[in-house]
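Enquirer: Below is one structure. I have some questions about it.
The values are calculated or read from the model by the stated rules, or taken from the named source; none is laboratory data. As the structure is a computational prediction, the values presented were derived from the model and not from experiment. As a convention, Cβ positions derive from the backbone with ideal geometry for all residues, glycine included, and neighbour counts pool all protein chains shown. Side chains included, ligands, DNA and RNA excluded: accessible areas come from the protein's heavy atoms. Shrake-Rupley method; radii C 1.70, N 1.55, O 1.52, S 1.80 Å.
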Amino acid sequence: MSLKVKGSVRIRPTLYLSFALAVSSATLSTGAAANQQLMSEVDAQAAEQVSYASFNQWLADFRRYAAQQGISEATLSSAFDGLRYRERVIELDRYQPEFVRTIWQYLDTAVSSTRINNGLEKLAAHRGTAQQMQQRYGVPAEIIVAIWGIESNYGSNFGDFSTLESLATLAYDGRRRDFARGELLAALRIIDQGDIAAEQMKGSWAGAMGHTQFIPSSFEAYAVDGDNDGRRDIWGSIPDVMASTANYLARAGWQAGQPWGTEVNLPDSFNYSQTQRRSSAEWAAQGVRSMKGELPTFDSAAVIVPAGANGPAFMVGPNFRAILRYNNATSYALAVSTLADAIAGRDGIAQPWPRDQAPLTRDDVRTLQQRLNNAGYSVGTADGIMGPNTREGLRAFQRDQGLTPDGFATQALLERLR
């Protein structure tokens with residue numbers, strides 16, 4: 001735990017930072033690979049910086065370091081003169097909602113009729129640009145618009161936090177300090193290169209920027225000057241926004257001409273414990289059938305049941321995995337995919353969600369994890385997050401209990417574990 005701020009003085013900064021954004025806010029664009037180099041640049045320096053008397057002392061030290069890395073004095077002055085520590089950033093970083101939202105609750109908001117209609121309007125207004133980027137990068141126009149819609153509600157909510165203040169605050173007082181330092185250095189390079197002025201670099205509290213929420217290292221790696229004005233402007237130029245988003249997905253492995261996947265029917269005998277990828281033909285041999293004609297032809301596809309055996313099932317291919325590179329959450333990728341389908345006039349999800357299932361609280365999930373561990377199903381630290389280890393342990397428990405091993409946590413399973 002970190003000690004309270006008294007004025008501008010802090011006794012000891014903690015190593016606290018969570019870049020896992022709430023899905024209701026603009027979601028973080030992943031840039032881990034690009035950030036590795038940034039982290040290596042600052043690791044040695046960061047290791048020496050354990051405590052500071054104040055944020056301003058830390059900032060002065062980082063400013064000297066940034067100058068050593070080649071950032072110009074003009075950029076440093078525009079970026080750091082008057083820069084503030086933002087307690088609100090830390091409050092948001094530490095916030096955890098009591099309830100874990102179910103996937104259908106998330107999709108009800110993310111793929112609402114309002115968001116679909118707004119997406120149709122945005123695509124109509126920028127159809128030429130979207131189609132140009134589709135031709136250039138192979139990513140469908142409706143996918144580009146859907147990413148835009150999910151990330152910032154088409155630019156209406158990409159955040160008004162200073163990216164520099166957010167990252168500096170998180171780097172000073174964060175649990176992933178080195179990551180935030182690397183992103184802050186990348187942000188300074190972006191300003192130094194003339195893409196955006198320091199005072200105009202705005203975004204979420206966690207440092208994700210612009211209409212489609214690139215973190216600075218992702219911006220450096222994937223942002224594109226779509227309107228050929230010499231700057232990469234993901235804050236004000238829709239051609240730059242669309243080109244950058246499409247380039248990101250293309251670089252993430254998007255396969256032109258392929259769908260993201262399809263909703264499927266599974267046979268009664270389906271083995272839900274399968275987590276490996278198979279070809280479409282192999283899934284078909286197990287009795288997997290598309291609900292919308294023939295199965296897409298995938299060399300490598302997964303079958304997912306995000307709400308368990310009593311909810312919809314999907315066979316997803318490489319393009320679904322490309323969306324996951326943007327944000328590694330099944331709910332996010334399914335939201336982008338189904339919003340894109342709706343914008344393109346394709347049918348939505350046909351099978352009903354198990355809406356009678358009450359959501360688990362984070363304390364419920366922690367209890368579930370603790371009891372799985374106590375019963376010999378090792379799932380790691382009880383952190384209240386339903387990650388892959390927890391789902392695998394839950395599947396093993398379900399198998400041993402003669403239940404369908406779908407890895408979907410319910411109140412009934414929690415009671416059985418008790």
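Enquirer: Given the criterion open to solvent by less than 10 Å² (accessible area, probe 1.4 Å) and out of contact with any helix residue (DSSP H, G or I) (no Cβ under 8 Å at 6 or more places or on another chain), identify the matching residue among Asp240, Asp229.
Expert: Within the list Asp240, Asp229, the selection yields Asp240.
Enquirer: Determine whether the range 192-209 contains at least one residue that is open to solvent by less than 20 Å² (accessible area, probe 1.4 Å), aliphatic (A, V, I, L, M) and part of a helix (DSSP H, G or I).
Expert: yes
Enquirer: Let me ask something else about it. Mind counting the residues in the range 133-154 that are free of Cβ contacts under 8 Å to residues at least 60 places away in the same chain, in a helix (DSSP H, G or I) and crowded, with 17+ Cβ neighbours inside 10 Å?
Expert: Within the range 133-154, residues that are free of Cβ contacts under 8 Å to residues at least 60 places away in the same chain, in a helix (DSSP H, G or I) and crowded, with 17+ Cβ neighbours inside 10 Å number 1.
Enquirer: Do we have any residue at all in the range 355-378 that's within 20 Å of Gln276 (Cα to Cα), surrounded by 13 or more Cβ atoms within 10 Å (Cβ to Cβ) and in contact with a helix residue (DSSP H, G or I) (Cβ under 7 Å, 6 or more places away or on another chain)?
Expert: No - not one qualifying residue is present in the range 355-378.
Enquirer: Also, quick follow-up: Taking Ala382 as the residue in question, decide whether it is open to solvent by 20 Å² or more (accessible area, probe 1.4 Å) and in contact (Cβ under 8 Å) with a residue 40 or more places away in the chain.
Expert: In short, no.
Enquirer: If you check Ile323 against the conditions, is it under 26 Å from the mean Cα position of the chain (by Cα) and either buried (at least 19 other Cβ atoms within 10 Å of the Cβ) or under 15 Å from Gln255 (Cα atoms) (or both)?
Expert: yes
Enquirer: Hey, does the range 384-399 have a residue that's in contact with a Lys or Arg (Cβ under 6 Å, 6 or more places away or on another chain), of a type outside the set (Lys, Arg) and part of a loop (DSSP other than H, G, I, E, B)? Show your work before the answer.
Expert: Within the range 384-399, the first condition is being in contact with a Lys or Arg (Cβ under 6 Å, 6 or more places away or on another chain), and the residues that meet it are 384.
Then drop every residue that is not of a type outside the set (Lys, Arg), which leaves 384.
Then keep just the ones that are part of a loop (DSSP other than H, G, I, E, B); that gives 384.
Within the range 384-399, one or more residues are in contact with a Lys or Arg (Cβ under 6 Å, 6 or more places away or on another chain), of a type outside the set (Lys, Arg) and part of a loop (DSSP other than H, G, I, E, B).
Enquirer: Taking the condition among the aliphatic types (A, V, I, L, M), more than 30 Å from Gln134 (Cβ to Cβ), outside the structural domain of Gln213 (by the TED database) and without any contact (Cβ under 8 Å) to a residue 12 or more places away in the chain, does Leu403 pass?
Expert: It is true that Leu403 is among the aliphatic types (A, V, I, L, M), more than 30 Å from Gln134 (Cβ to Cβ), outside the structural domain of Gln213 (by the TED database) and without any contact (Cβ under 8 Å) to a residue 12 or more places away in the chain.
Enquirer: Does Thr109 satisfy the condition of being modelled with pLDDT of 95 or more, under 29 Å from Tyr154 (Cα atoms), of a type in the set (Ser, Thr, Tyr) and within 27 Å of the chain's Cα centre (by Cα)?
Expert: On the way: modelled with pLDDT of 95 or more: yes; under 29 Å from Tyr154 (Cα atoms): yes; of a type in the set (Ser, Thr, Tyr): yes; within 27 Å of the chain's Cα centre (by Cα): yes.
Against the criterion (modelled with pLDDT of 95 or more, under 29 Å from Tyr154 (Cα atoms), of a type in the set (Ser, Thr, Tyr) and within 27 Å of the chain's Cα centre (by Cα)), Thr109 qualifies.
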